[in-house]
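The values are calculated or read from the model by the stated rules, or taken from the named source; none is laboratory data. Nothing here was measured: the structure is a model prediction, and the numbers come from that model. Neighbour counts run over all protein chains shown; Cβ positions are idealised from the backbone, glycine included. Heavy atoms of the whole protein, side chains included, go into the accessibility calculation; ligands, DNA and RNA do not. Shrake-Rupley method; radii C 1.70, N 1.55, O 1.52, S 1.80 Å.
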Amino acid sequence: MKKLRLILLLVLIFTGTGIGQFRDVLTDPSALTIARLRYGGGGNWYWGRSAIPNLHRFIAENTDIAVVDKEVNIRATDPELYNYPFLFLTGHGNIKFTEQEVSALRQYLTSGGFLFANDSYGLAAAFRREMKRVFPEKKLVELPFSHEIYHCRYEFPNGLPKIHEHDKKPPQGFGIFWEDKLVVFFAYESDIGDGWEDYEVYHDPPEKHLEALKMGVNIVTYALTH
């Protein structure tokens, strides 16, 4: 273990990664790893392989949040779920949780966990249906532009940035609150998740890529501080 930590330290130093951003990763088991939520139903939960690594890197380079950049794909019923306070869900098309996953996800979200769902296109109807199963007594409500999630680190006075055209509707951010705490954030007609990806994937202009990453930082920051 000591040898592994030493190797990691040398890699960070000689690659110029920035030991200031990653110092706590070597010793802090609570350092952030964004976990991708797997689901059934045929939708492509795995969409966007470069998205999370790029956001991890941006967080490490631009905030004081300790990050462990590793790939984690997890189901709601996985016993390791509570090791990851921030879940990312994306894809196209259908989502279907099992009854056990519905129960487990509700327990996770009402116990301090956070879910960010990105509609990569065609996900909205299924996501709304499944969230109604998780929280039958709650509604996804649109957040006002004044909400702190749009201002907690970077300023987004008009709410979510518009990264991809899709149906050319204005982007909207919806949330579910539990005991006055935002526990689910749903990005619709924005697609910041795809905006996190490598340039070669969608050829997003640099300013759109940066907007998407900054909004991602806001969501993560908000989730970890509330």
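Within the range 72-140, which trypsin sites (Lys or Arg not before Pro) sit in a loop by DSSP and count at most 16 neighbouring Cβ atoms inside 10 Å?
Loop-located and lightly packed - K138, K139.
So what J values fall out for the range 70-82 if you push phi through Karplus, 6.51 cos²θ - 1.76 cosθ + 1.60 with θ = phi - 60°, rounded to Hz, Gly and Pro as x?
With coefficients 6.51, -1.76 and 1.60, one gets 9, 8, 10, 10, 9, 9, 4, 8, 5, x, 8, 3, 6 Hz.
Just to be sure I understand the model, the point goes 7 Å from the Cα along the line to the Cβ. What's the resulting Y199 to R128 distance in nm?
Reported label-point gap for Y199 and R128 is 3.8 nm.
Tell me, what does the Kirkwood hydrodynamic radius of the chain come to in angstroms if you use every pair of distinct C-alpha atoms?
18.0
Going from most exposed to least, what order do L143, L224 have by accessible area with a 1.4 Å probe?
Putting L143, L224 in descending order of accessible area: L224, L143.
Which FRET efficiency value, to the nearest 0.05, is calculated for N62 and H226 with the Förster distance at 25 angstrom and r the Cβ-Cβ distance?
Efficiency computed from Cβ-Cβ geometry: 0.80.
Check D198: other-chain or 5+ apart residues with amide H under 5 Å from its amide H, H built from backbone geometry?
When sequence neighbours closer than 5 places are left aside, the close amide H contacts are S50.
Given contacts defined as C-alpha pairs under 8 Å and at least six residues apart, what's the relative contact order of the chain, whole-number percent?
19
Give, rounded to the nearest 20 debye, the magnitude of the charge dipole that the chain has about its Cα centre when Lys and Arg contribute +1 at Cβ and Asp and Glu contribute -1 at Cβ.
In total the dipole reaches around 560 debye.
Enumerate lysine pairs in the range 68-226 that are 8 or more residues apart or on different chains, then count those whose Cα atoms are under 20 Å apart.
Lysine pairs satisfying the spacing and distance rule in the range 68-226 number 10.
Take the chain, mark every one of the GluC sites (Glu not before Pro) that falls in a DSSP loop and has at most 12 other Cβ within 10 Å, then report the longest stretch left between them, sites excluded.
The longest such stretch corresponds to 1-70.
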